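Asker: Would you mind keeping the following structure in view while I ask a few things?
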Ligand SMILES: [Zn+2]
């Protein structure tokens with residue numbers, strides 16, 4: 001993957017809404033909270049693994065795994081990433097909230113398998129720098145996805161995607177999945193935080209600091225069961241406690257919002273705490289020697305080095321040239337000066 005391709009994706013991130021998992025804000029919040037929890041060791045380890053143009057900012061790649069699979073954010077290559085789609089969620093039989101890996105995550109093709117796989121790959125000594133970089137970007141994203149309750153949900157309605165309706169009297173139709181990905185968060189940020197993402201992050205950070213973390217470090221199954229339980233006990237119940245489904249149009253407003261926004265925030269906070277803790281643990285347990293394989297130079301960096309080198313040579317040549325011309329002038333002046341004139 002070239003640097004320019006990744007840069008292209010990052011630029012598009014600002015404008016293209018994400019469909020899978022928390023939206024841009026949710027994923028960014030999870031990763032930024034996680035970043036705030038990193039040990040100096042983990043931080044030092046992770047920064048060189050990131051693409052150079054994000055300048056060590058882990059949050060910048062939080063939605064990379066979503067962007068690569070969409071035509072509008074990765075037009076030339078999205079076909080090659082379609083196999084990763086099933087890694088973003090777990091589909092269970094409808095109203096069955098007892099996650100069974102053999103039934104719901106065959107061949108590890110689900111968010112559970114992806115979390116385990118990319119945790120291992122991130123520290124695998126036999127993988128190269130690009131593979132570690134990819135594992136890191138997948139891992140930070142899937143740690144967010146698994147905490148969005150509807151990513152551990154029912155196969156029948158595609159995790160709430162087929163359950164359609166309206167939120168806060170908006171004339172534009174939405175669906176339950178999208179509401180949990182981004183609708184509730186957007187409403188919160190725009191109506192209660194003056195559309196200021198930084199302010200909202202500070203609020204969640206303070207909330208996180210006042211809580212005792214419930215990490216369950218190695219236990220991805222626990223993370224999954226929590227999401228599944230929320231789905232069966234809360235997410236699908238409308239404002240009059242009637243179950244929503246794909247054959248009826250929902251109308252949700254302030255009652256649903258007030259009941260569920262604290263849940264959204266707790267899931268984001270917990271995702272951030274757990275991701276931070278997971279990265280710290282991986283940093284501590286990774287094989288230390290030989291130190292992570294030396295960073296391979298990508299084309300962007302090579303081009304930059306060549307341009308700087310050429311500019312340097314031009315400056316040196318110009319400097320030498322100026323000196324030579326100056327000396328020549330001095331010599332010429334001396335040769336032609338009149339020895340009789342004083
Ligand atoms: Zn996703």
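Asker: Would you please calculate the Kirkwood hydrodynamic radius of the range 46-135 over all C-alpha pairs and express it in Å, rounded to one decimal? If you can, show how the numbers build up before the last one.
Answerer: Details: mean 1/r = 0.0670 Å⁻¹.
Here the Kirkwood hydrodynamic radius works out to 14.9 Å.
Asker: Can you tell me the order of 48-54, 188-194 when each peptide is scored by its average per-residue count of other Cβ atoms within 10 angstrom, highest first?
Answerer: On the way: 48-54: 17.0, 188-194: 13.7.
Packing order, densest peptide first, comes out as 48-54, 188-194.
Asker: Also: Please work out the FRET efficiency for the pair residue 195 and residue 44, using the Cβ-Cβ distance as r and a Förster radius of 45 Å; give the result to the nearest 0.05. Can you show the working numbers first?
Answerer: Numbers: r = 34 Å, r/R0 = 0.77.
Once rounded, the FRET efficiency stands at 0.85.
Asker: Report the Stokes-Einstein translational diffusion coefficient (µm² s⁻¹, integer) for the range 126-268, Rh taken as the Kirkwood radius over Cα pairs, at 4 °C with viscosity 1.567 mPa s.
Answerer: 77 µm²/s
Asker: Any idea how far apart residue 186 and residue 120 come out in nm if each label point goes 7 Å out from Cα toward Cβ?
Answerer: With each label point 7 Å from Cα toward Cβ, the separation is 3.9 nm.
Asker: Something else now. I'd like the antiparallel share, as a percent to the nearest 5, of DSSP beta bridges with both residues in the range 3-285. Don't skip to the end; give the middle numbers.
Answerer: Numbers: 3 of 9 bridges.
Once the DSSP bridges in the range 3-285 are tallied, antiparallel ones form about 35 percent.
Asker: Given labels modelled 7 Å from the Cα in the Cβ direction, how far is it in nm from residue 75 to residue 166?
Answerer: 3.5 nm
Asker: Please check which bits of the range 150-178 a label hung off residue 100 would reach, taking the label as a point 7 Å along Cα-to-C-beta and the cut-off as backbone N under 17 Å.
Answerer: Within reach of a label on residue 100, which here means backbone N under 17 Å from a point 7 Å along Cα→Cβ, the range 150-178 contributes 153-156.
The numbers here are math on the coordinates, done by the rules we state, and not lab data. Quick caveat: nothing in here was measured; it's all calculated off a predicted structure. Cβ sites come from the backbone with ideal geometry, for glycine too, and all protein chains shown count toward neighbours.
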